There are 2 protein chains.
Amino acid sequence: MTTQTAEPQRFNGFEVKAMKQTIDALTQDRTLARFEFRAANEWLGGGMNRSTIQGFFGAGAEDRSRTLPFAYTSGEPPVLLGSNESANPGEFLLHALAGCVTTTTVLHAAARGITIRSMTSVVVGDIDLQGLLALDPAVPVGYRQITMKVDIKADCSDAELDELLEFVHGHSPVCDTIRRPVPVVLERLKAA
Amino acid sequence: MTTQTAEPQRFNGFEVKAMKQTIDALTQDRTLARFEFRAANEWLGGGMNRSTIQGFFGAGAEDRSRTLPFAYTSGEPPVLLGSNESANPGEFLLHALAGCVTTTTVLHAAARGITIRSMTSVVVGDIDLQGLLALDPAVPVGYRQITMKVDIKADCSDAELDELLEFVHGHSPVCDTIRRPVPVVLERLKAA
């Protein structure tokens, strides 16, 4: 591009200069790509609890950019013994998946020079709560399958969009965390 | 219990009568345990998107208890090309895990007659973003491991708490979805 404006150049909403700098830095020093994300949670009674999310480690340093924590409440609907205080944890997992697939799609589209005009999606997860309630050990405890249907408008061919989505299926961190067996370690803090 | 009060009897914040009714109904008709949870998502530009969560199918019917949808925004920190609009999708996955393990613990404690006085936790997920950025195909794309440290105060022995947490590790739906390979189907809606 030869035009110059006061505004930073953006592609799919990402600042192009920052995007290139990030990729260059990570390519030169791969250890910068190691991140540690965190959430702290407190039980509030029944099926209600709240997570606070603020600091993380990444790009070689502890991040200090968030002056206040984000806070998200989990709840349950009446049929699951709650009062609709908030979405439930299984629904938050679907939100995490939708958000990650969307951001991964738009980011890799930018890297390929594809302009995304709009992207919407619906995520559906099938689960049998006999697992949670230990009513039948043969029933899987978590989701059996999750289906995400996406509607994308972009300045490329349908074949390019299909190829992009197939790539995203294998490169979205939350999608991969669900598709791959990831170890979860559960430790109880002992009283001092 | 022989006492009667105007307030419903509660255990760990759950209404005891409703809890028993739910278990009885599911034991008599196992098909009631089939649930379908959903989220709809819209891209807002760059690494920002928003999910709305309202209806779901469960207990044999479409749920109509939520008169308004819940809405949750995903964002990214500056080091990941965002403006801290909200937590990012990987952090929302940790929130989903913390919420699910907490609710599963408190629910099964109630079923065992264990009173939980307090429960807090910290969840940490390790990830190498070389996977997302396709810089090294040998690097896993999602979390390598997630560790959740919980601090529980309850009216039972340490051994009972350890046994409860081991049970929860295998019976929390979000924990199981992460630990087990769950298929994610990604479909693109074709223009009519």
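Values in this text are rule-based calculations from the coordinates and carry no lab data. In this text, all values refer to a predicted model and were calculated from it rather than measured experimentally. A quick note on method: Cβ atoms are made from the backbone with ideal geometry, for glycine too, and the neighbour counts reach across all protein chains shown.
Relative to the other copies, what are the label-point distances for A:Ile23, with labels 7 Å from Cα along the C-beta vector, expressed in nm at one decimal and sorted shortest first?
In ascending order, 5.6 nm.
For region B:83-152, evaluate the Debye formula with one uniform point scatterer on each Cα (no solvent term) and list log10 I(q)/I(0) at q = 0.21, 0.23 Å⁻¹, rounded to two decimals.
-0.93, -1.02
How high is the relative contact order of region A:61-159, given as a whole-number percent (alpha carbon pairs under 8 Å, six or more residues apart)? Before the final figure, lay out the partial values.
Details: 110 pairs, mean separation 20.4, N = 99.
Computed value for region A:61-159: 21 percent relative contact order.
Hey, what number do you get for chain B at 222 nm if only DSSP H runs of n ≥ 4 count, each worth -39500 (n - 2.57), divided across all residues, to the nearest 500?
The helix contribution divided over chain B gives -9500 deg cm²/dmol.
Considering only the other residues whose Cβ falls under 14 Å of the Cβ of B:Ile152, what net charge follows from Lys and Arg at +1 and Asp and Glu at -1?
Charge balance near B:Ile152 sits at -3.
Given H placed on each backbone N at 1.01 Å, which residues far from B:Asp63 in sequence or on other chains put an amide H within less than 5 Å of it?
Here B:Phe56, B:Phe57, B:Gly58 satisfy the definition.
In region A:116-192, how does Rg compare with the Kirkwood Rh, expressed as the Rg/Rh ratio over alpha carbon atoms?
Values: Rg = 18.3 Å, Rh = 15.9 Å.
Answer for region A:116-192: 1.15.
Could you tell me which of the pairs A:Lys153/B:Lys190; A:Lys17/A:Lys153; A:Lys149/B:Lys190; A:Lys190/B:Lys153 are separated by over 22 angstrom between their Cα atoms in the structure shown?
Long pairs (Cα-Cα over 22 Å): A:Lys17/A:Lys153.
Which of B:Asn88, B:Thr31, B:Ser74 sits closest to the plus end of the dipole of region B:1-107, meaning its Cα is farthest towards the positive end, when Lys and Arg get +1 and Asp and Glu get -1 on the C-beta?
Of B:Asn88, B:Thr31, B:Ser74, it is B:Thr31.
Shortest first, in nm, what separates the label point of A:Asp162 from those of the same position in the other copies (7 Å along Cα→Cβ)?
Counterpart label points of A:Asp162 in the remaining copies fall at 5.5 nm.
Do you know the relative contact order of chain B, to the nearest whole percent, from alpha carbon pairs under 8 angstrom that are 6+ apart?
Once normalised by length, the contact order is 14 percent.
Could you pull out the trypsin sites (Lys or Arg not before Pro) across region B:95-192 that fall in loop regions by DSSP (anything but H, G, I, E, B) with no more than 15 other Cβ atoms inside 10 Å?
The qualifying sites are B:Arg112, B:Lys190.
Which log10 I(q)/I(0) values, to two decimals, does the protein assembly as shown give at q = 0.07, 0.10 Å⁻¹ under the Debye formula with one point per Cα?
For the protein assembly as shown at q = 0.07, 0.10 Å⁻¹, log10 I(q)/I(0) is -0.32, -0.64.
Largest first and in whole Å, what are the equivalent-ellipsoid semi-axes of region A:56-97 based on the Cα gyration tensor, each being the root of 5 times an eigenvalue?
Largest first, region A:56-97 gives 31, 12, 6 Å.
Check which residues have an amide H placed less than 5 Å from A:Asn12's amide H, if you skip close sequence neighbours.
So A:Asn12 has HN proximity to A:Ile116.
What nm distances, shortest first, do you get from the label point of A:Ala61 to those in the other copies when the point sits 7 angstrom along Cα to Cβ?
Nearest first, the other copies' label points are 5.6 nm away.
Could you calculate the FRET efficiency of A:Asp158 with A:Leu68 from 1/(1 + (r/R0)^6), where r is the beta carbon distance between them and R0 is 45 Å, rounded to 0.05?
Working: r = 43 Å, r/R0 = 0.96.
For R0 = 45 Å, the calculated efficiency reads 0.55.
From the square roots a ≥ b ≥ c of the eigenvalues of the alpha-carbon gyration tensor of region B:8-51, which class results: rounded (a/c under 1.5), prolate (a/b over b/c), or oblate?
Oblate is the answer for region B:8-51, as a/c is 1.5 or above yet b/c matches or exceeds a/b.
Alpha carbon centre of region A:119-192 versus region A:26-96: separation in Å?
Cα centroid of region A:119-192 versus Cα centroid of region A:26-96: 17 Å apart.
Determine the principal axes of the Cα atoms in region B:1-122, then give the extent along each, sorted from largest to smallest and rounded to whole angstroms.
60, 34, 27
Using only alpha carbons, build the gyration tensor for region B:48-192 and give me the equivalent ellipsoid semi-axes, biggest first, whole Å.
After scaling each eigenvalue by five and taking roots: 31, 23, 16 Å.
Going by amide H atoms built from the backbone, whose H comes under 5 Å of the H on B:Ala87, apart from near neighbours?
So B:Ala87 has HN proximity to B:Gly75.
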